[in-house]
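Novice: Please read through the structure below; I'll follow up with questions.
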Amino acid sequence: MSSRLFEPLALGEVQLPNRIVVAPMCQYSADDGSATDWHLQHLSQLGYSGAGLVVVEATAVERRGRITHSCLGMYSDDNEAALTRVIAFARRLGGPTKFGIQLAHAGRKASTRRPWEGGTPLSADEDSWQTVSSSDLPFGPNWHVPHALSEAELGRIVEAFANAAKRAVRIGFDVIELHCAHGYLLHEFLSPLANKRTDAYGGSLENRLRFPLEVVRAVRAAIPASIPLGMRISATDWVPGGWDVEQSIEFVRAAHSLGVEFVCASSAGIVANVTVPVALGYQVPLAAQIRKATGVTTRAVGLITDPHQAERILAEGQADMIALARAFMDDPRWGWHAADALGATTHFAQPYYLARGAGWRKFRDDARVTPQ
């Protein structure tokens with residue numbers, strides 16, 4: 001039996017060994033943007049998880065672009081050196097797994113506490129900082145009021161994205177992804193719910209696309225043609241009058257014309273207290289619509305938990321790749337187990353060879369059915 005999930009996939013010149021992607025997952029464990037030993041163990045074990053691509057968490061292109069004090073960054077030599085150490089180690093363990101990085105700017109959702117500390121805005125005595133956005137509208141009640149960026153300031157942020165991309169190339173990342181989703185800075189320019197500008201960067205769809213596309217153009221020019229560039233978008237705000245899948249399709253078409261080779265279709269995050277219809281695979285139809293309309297290589301994400309579910313999404317042509325996040329945090333061997341479930345093979349860490357094969361699992365599974 002052949003498996004679509006375990007078929008190779010070419011992203012430009014980069015060949016992924018399969019279509020399983022570990023989605024970028026913020027770890028809130030960095031030291032002034034620099035990766036720590038937590039990232040060393042986290043990314044190393046994901047590197048030998050059986051996935052074809054591991055994408056490093058949202059990584060801020062400037063210091064004020066971090067979500068929290070503990071977010072990863074790519075704005076200093078120290079940041080670059082720390083992540084170089086981590087990726088070099090993870091790559092040695094990961095076999096054919098490829099590594100990508102998601103470059104990001106938190107915009108008006110920066111300067112917050114870590115999620116397990118409430119995820120709420122920092123107070124002045126917690127070393128908070130001035131947030132920035134497309135307009136001076138806060139994310140929600142009791143959030144910091146952001147500074148509306150001038151055109152000159154936008155140019156400096158474009159340069160910050162390009163410089164971060166150059167650092168990512170030096171580190172040796174195979175893939176670079178731009179974070180245009182979840183209510184962060186690039187999404188704040190796309191969505192009319194956050195962007196109330198009256199200059200060339202606001203109003204019409206063409207104007208709201210302008211700044212994100214300037215970032216795309218600059219990053220594409222800053223990296224070799226051999227490195228595929230992608231982006232993650234919120235395909236809908238789930239709010240009437242907000243960003244939606246039709247606008248997403250136009251954005252993807254425009255970005256593709258500038259050299260974006262793949263898109264990950266997520267959703268929401270632009271305003272607080274939105275009702276999202278969360279269910280298994282609830283964002284897959286968004287990926288399917290974008291793929292059908294644009295022909296761009298598309299990644300589905302969002303409560304995809306089971307290998308057979310992932311296989312169906314690919315077999316039905318709804319997406320080209322499957323991204324999982326919490327599933328890999330819960331089970332860092334998800335790729336191995338998916339291969340077993342689908343009758344496929346994948347790479348694994350050789351010292352763990354005794355865990356492969358069905359022999360010992362019979363006893364484990366019998367014990368689960370009939371607890372002793």
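Novice: Which one is nearest to the chain's Cα centre (by Cα) among residues in region 2-44 that are part of a loop (DSSP other than H, G, I, E, B) and polar (S, T, N, Q)? Steps first, answer last, please.
Specialist: Narrowing region 2-44 to residues part of a loop (DSSP other than H, G, I, E, B): 2-8, 12-13, 17-19, 23-30, 32-33, 35-36.
Checking the rest, the ones that are also polar (S, T, N, Q) come to 2-3, 18, 27, 29, 36.
Numbers: 2: 28, 3: 25, 18: 18, 27: 13, 29: 17, 36: 20 Å.
The qualifying residue nearest to the chain's Cα centre (by Cα) is 27.
Novice: Filter region 320-332 for residues that are touching a residue at least 60 places away in the same chain (Cβ under 8 Å) and buried (at least 17 other Cβ atoms within 10 Å of the Cβ); which is nearest to residue 44 (Cα to Cα)?
Specialist: 332
Novice: Oh, and also: What about residue 220, is it touching a strand residue (DSSP E or B) at 6+ places or on another chain (Cβ under 7 Å), of a type outside the set (Phe, Trp, Tyr) and either free of Cβ contacts under 8 Å to residues at least 40 places away in the same chain or part of a helix (DSSP H, G or I) (or both)? Quick ask: steps written out before the conclusion?
Specialist: On the way: touching a strand residue (DSSP E or B) at 6+ places or on another chain (Cβ under 7 Å): yes; of a type outside the set (Phe, Trp, Tyr): yes; either free of Cβ contacts under 8 Å to residues at least 40 places away in the same chain or part of a helix (DSSP H, G or I) (or both): yes.
So residue 220 fits the description; yes.
Novice: Residue under question is residue 225, and the condition is that it be farther than 25 Å from residue 11 by Cα and assigned to a loop (DSSP other than H, G, I, E, B); does it hold?
Specialist: So residue 225 does not fit the description; no.
Novice: Kindly evaluate residue 83 against the criterion of being assigned to a loop (DSSP other than H, G, I, E, B), modelled with pLDDT of 95 or more and either of a type in the set (A, V, I, L, M, F, W, C) or in contact with a Pro (Cβ under 7 Å, 6 or more places away or on another chain) (or both).
Specialist: Details: assigned to a loop (DSSP other than H, G, I, E, B): no; modelled with pLDDT of 95 or more: yes; either of a type in the set (A, V, I, L, M, F, W, C) or in contact with a Pro (Cβ under 7 Å, 6 or more places away or on another chain) (or both): yes.
The answer is no for residue 83.
Novice: Across region 173-196, what is the total count of residues that are more than 18 Å from residue 215 (Cα to Cα) and over 18 Å from the mean Cα position of the chain (by Cα)?
Specialist: 4
Novice: Within region 91-101, is there a residue that is touching a Phe, Trp or Tyr at 6+ places or on another chain (Cβ under 6 Å), in a helix (DSSP H, G or I) and among the hydrophobic types (A, V, I, L, M, F, W, C)?
Specialist: Scanning region 91-101, I find at least one residue that is touching a Phe, Trp or Tyr at 6+ places or on another chain (Cβ under 6 Å), in a helix (DSSP H, G or I) and among the hydrophobic types (A, V, I, L, M, F, W, C), so the answer is yes.
Novice: Next up: May I ask you to list pairs of residues, at least six apart or on different chains, whose Cβ atoms are under 6 Å apart, with the first in region 244-258 being without any contact (Cβ under 8 Å) to a residue 60 or more places away in the chain and over 22 Å from residue 268 (Cβ atoms) and the second being of a type in the set (D, E, K, R) and surrounded by fewer than 18 Cβ atoms within 10 Å (Cβ to Cβ)?
Specialist: That search, which allows pairs on different chains as well, returns 258/217.
Novice: Related question: Consider residue 242 against the criteria (1) within 20 Å of the chain's Cα centre (by Cα); (2) surrounded by 18 or more Cβ atoms within 10 Å (Cβ to Cβ): it satisfies all of them except one. Which criterion is unmet?
Specialist: Of the numbered conditions (1) within 20 Å of the chain's Cα centre (by Cα); (2) surrounded by 18 or more Cβ atoms within 10 Å (Cβ to Cβ), the odd one out for residue 242 is (1).
Novice: Within the bounds of region 85-103, is there any residue that is at negative phi, crowded, with 24+ Cβ neighbours inside 10 Å, in contact with a helix residue (DSSP H, G or I) (Cβ under 6 Å, 6 or more places away or on another chain) and small (Gly, Ala, Ser)?
Specialist: no
Novice: Is it the case that some residue within region 180-198 is surrounded by fewer than 23 Cβ atoms within 10 Å (Cβ to Cβ), of a type in the set (D, E, K, R) and at negative phi?
Specialist: Checked against the condition, which is being surrounded by fewer than 23 Cβ atoms within 10 Å (Cβ to Cβ), of a type in the set (D, E, K, R) and at negative phi, region 180-198 yields at least one hit.
Novice: What is the one condition in (1) among the hydroxyl-bearing types (Ser, Thr, Tyr); (2) at pLDDT 95 or above; (3) surrounded by fewer than 22 Cβ atoms within 10 Å (Cβ to Cβ) that residue 59 does not satisfy?
Specialist: (3)
Novice: Just a yes or no: is a residue in region 293-311 basic (Lys, Arg), at pLDDT 95 or above and buried (at least 16 other Cβ atoms within 10 Å of the Cβ)?
Specialist: yes
Novice: Take residue 12 and tell me if it is buried (at least 21 other Cβ atoms within 10 Å of the Cβ) and modelled with pLDDT under 95.
Specialist: For residue 12, the condition - buried (at least 21 other Cβ atoms within 10 Å of the Cβ) and modelled with pLDDT under 95 - is not met.
Novice: Another question about this same structure. Just the residues that are assigned to a loop (DSSP other than H, G, I, E, B), touching a helix residue (DSSP H, G or I) at 6+ places or on another chain (Cβ under 7 Å) and not hydrophobic (A, V, I, L, M, F, W, C), please, taken from region 200-217.
Specialist: The answer is 201, 202.
Novice: Moving to a separate point now. Every residue in region 62-79 that is surrounded by 21 or more Cβ atoms within 10 Å (Cβ to Cβ) and not in a loop (DSSP other than H, G, I, E, B), please.
Specialist: Within region 62-79, 65, 73, 79 meet the criteria.
Novice: In region 140-172, which residues are in a helix (DSSP H, G or I), buried (at least 17 other Cβ atoms within 10 Å of the Cβ) and either small (Gly, Ala, Ser) or in contact with a Ser or Thr (Cβ under 8 Å, 6 or more places away or on another chain) (or both)?
Specialist: Listed by number, the residues that qualify are 160, 162, 164, 165, 168, 171.
Novice: Moving on. So which of 105, 69 ends up being out of contact with any strand residue (DSSP E or B) (no Cβ under 8 Å at 6 or more places or on another chain), within 23 Å of residue 163 (Cα to Cα) and touching a residue at least 24 places away in the same chain (Cβ under 8 Å)?
Specialist: Exactly one residue qualifies, and that residue is 69.
The values are calculated or read from the model by the stated rules, or taken from the named source; none is laboratory data. Owing to the predicted nature of the structure, the values given are computational and were not obtained by experimental measurement. Because the Cβ atoms are built from the backbone with ideal geometry, glycine has one as well, and the counts that use them run over all protein chains shown.
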